[in-house]
1. Compute the FRET efficiency between GLN745 and ARG721 as 1/(1 + (r/R0)^6), taking r as their Cβ-Cβ distance and R0 = 22 Å, and round to the nearest 0.05.
2. I'd like the FRET efficiency for LEU487 and LEU358, computed as 1/(1 + (r/R0)^6) with the beta carbon distance as r and R0 of 35 Å, rounded to 0.05.
3. Quick check: residue separation of ARG399 and ASP109 times 0.36 nm, minus the Cα distance between them. What number comes out in nm?
4. Could you give the size of the charge dipole of the stretch 604-699 about its Cα centre, using +1 on the Cβ of each K and R and -1 on the Cβ of each D and E, expressed in debye and rounded to the nearest 20?
5. For the modelled label position 7 Å from the Cα of GLU151 along Cα-to-Cβ, which residues of the stretch 113-134 have backbone nitrogen atoms closer than 18 Å?
6. When ligands, DNA and RNA are left out and all protein chains stay put, how many square angstrom of accessible area per residue does the stretch 533-629 have with a 1.4 Å probe?
7. Is there a pair in LYS636/LYS669; LYS273/LYS333; LYS582/LYS656; LYS631/LYS669; LYS297/LYS320; LYS156/LYS373 whose C-alpha atoms are over 18 Å apart, and which pairs would that be?
8. Taking the mean number of other Cβ atoms within 10 Å as a proxy for protection, how do you rank 671-678, 143-150, 682-689, 53-60 from highest to lowest?
Amino acid sequence: MPVSNEPPNAFDPWLLWITLRRCWYWAFPVGIVLGVIAAFVVLQSFVPRFRATHQLAANKDWLIDRGVMPTPDNLSSSERMLITSPIVLSQVLDNPEFQAFSLQDPDPDVRDQKLRSSLSIGSAGSRSTLTVSYTDTDKQFAADVCNAIVESYLQKRDEFDNRRIGRLESWLTPQVEQLRRKVEEREHLVSQLAKEAHGVAPGEKVAALENSDSLSVAQKLRNQISDLEIELAMLDAGVGIRNPSESDDIIVPSVAEFVPPEIRVQRGEIDPKRLAAMVENSRDVFLAKERYEIYRKQVLELEISERWRFDKERYARLQKDRDEWEAKLASAKQAASEAAVQILEDEIEEDYQQQLALAEKEKERLRAEFPAKVKAKQEELERRAEIMSDQEKQQIADRREQMVKRLAVLQEQYEAEADLLRQRDGNSVALQFAQDDLARSRTMLHRIMDRLESIQMESKRGSSVLSISEAVPPSRPVEAVPVKKMLMAGGGAFAIPFLIGLFWEFMTKRITDSKDLERSLALAPVIGELARAPRGSTGRNSKSRRIFEESVDTLRANLALSKDTRHARSFAVVSSMSGEGKSTAVSQLAISLAKSSGKTVLIIDCDMRCPDQHDVFGLALEPGLNEVLRKAAPLKEAINRELGDLVHVLPAGRLKASPHRLISPDSMKELMDEALESYQYVILDTAPVLSAGETLAVASTVDSTLVCVMRDLTRLDSVVRTTHRLEASGANVVGTIFSGVTPRQYSYRYGDYKYSDFGQMLAETAHRS
């Protein structure tokens, strides 16, 4: 037999379709009811949440100088880190008014997490607008918290802007004083040079010099030097001032006093595996189990070998001893389980107390470290505006170094041009340069003073971010009806009965395909597959009837050609349980065998408890096998020959005694010997093996035994137990019949090769019959 590489408990996706096909008629209504209940529960437990929104916008207005108070290009992305930073949210978390509803947890970390989860930041349609939203079950609380967050953010934003302006003012004021002194010095120098150059026509010389290329170059260099010095001063004024960024790991303590963290200590549970192991290892349980297994095996051996019929006193005594030790085993397990539970509970309690002690020690350690951490974090927060990363410092330093080098080059070029002009006309040129230096210093002074005045003026324009509309209590919840949650809960509940059905089908392991039988090495090979029997109303020319008859003929051919059954004359068709198609297989196989061999086939109905063959052919129930075994009627008179020469039937007869008393290996062997003297083939219909033990005596007297299984009904473990019982009784199990295959599946696997004139062939066959 082919051996499958799949593990025995592997999940077959085909089981999903099997489950749907078998369970839809009850799973659908149950699933609908459960889905409606789940959706109703979600709707009843639903608490509406309200979202309050505060709208902000970048302040793009300026009075004099646009660059003093720059506004970000994308407000939502640039301000998100500042709004969600601890320095903003800590003020809201520390406010006792907001420690309610979703923020009423005593643990500050939990409140901070809930605040962040309910807070959302986005744009209001443009890059220069910003929306801050907060969601809560109370509409007024949501609006208050949202406004408080925005108020804290605007306060911190103003602090950073004011600090930037103050830094610029503190840097530029000394520069103004220095330039004023320089202007005074150069005014004095110009006055002295003018006195020394008295009597000379400086205007004429200077005009000539101004028309020269050298003077033009010198003036251009002086202008560049002046612009570069102003830019360098403004760069130095802005060093160290910037907004907080994501890389700044600053955490503000949420509360001024220490709040012990919640350290969850979970009490352990008893491990079922360890409990079971302790119970099994108990000495009393081991001894009771050993004695129970001894008596159980002896009783089972008597039942399988049928010796209990001859020694009923010993059989009853062994059953009594088995039951007594089974009760003792249960009592021993109960006592051992109680003792093991007590031991395990003591261990769990000891471990639980140790965990509580460790949790208290951890809280004391955190309490001792709390003041130092708070102090360090507060100091770090005060230095927040001065923090600058090493990368930013290096970038500013590199830029300043380039500007200083460029300034040095320009100074050197300017000095060279100045020396050249001084060599041509010393006094006039010196006076001219002194006047130019004075004009340049005055220009720088005026520009820096204008910049300082513009800074002071721009600081009065207001914050760089403005509040457009405050958050108000929303009139409608975010979601009036939780449609998505109801659909998810309803869908999950609807799937529960199908999952239960899937689990049941997986555990029962019903046989859905002949490959399931081929995978098991404990079963006889599949000797044939029978299509599902057509209904009585189905026409003779229908496809289903044609495929069914073809499957029966194929089974007959396999039996006739197989080396294990080609010389067999008697067959017993058995099954594990009732309703697995064995009676149909017996009647149809007998008809096919009679037609192919041209000899009469005898059918014996050995199922005395629930006979079927007399109903299949429409015959009388008695006389039958019951009368023959009771010697009330001879075999030849009990056989019914009303069906003609193809098939003769020996019905089961009317049961008047226990089948176990009537059917025995000796009586059945005598009956089979007599029947085979008159018939070439004898086929026996039997009772289910697992529920009727007399079938074992019937199967042990025939040449070949066939096990019939029904698709989607027979369980694999039942077939395995049936086969083991048959083999233990001495039956020759030669094959398995897989019945109940749909015509579509049968034709898909083996094809549908119909006759050219099937109707005419049936008519001729019926006429000959």
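1. After rounding to 0.05, the efficiency reads 0.25.
2. 0.15
3. Extending this stretch completely gives an extra 100.1 nm.
4. Dipole about the Cα centre, nearest 20: 360 debye.
5. 132-134
6. 42
7. LYS582/LYS656; LYS156/LYS373
8. Descending mean neighbour count gives 682-689, 143-150, 53-60, 671-678.
The values are calculated or read from the model by the stated rules, or taken from the named source; none is laboratory data. Because the structure is predicted, anything quoted here is derived from the model rather than measured. No Cβ is skipped: glycine too gets one built from the backbone with ideal geometry, and neighbour counts run over all protein chains shown. The area values use the complete protein model at the heavy-atom level, side chains included, leaving out ligands, DNA and RNA. Shrake-Rupley method; radii C 1.70, N 1.55, O 1.52, S 1.80 Å.
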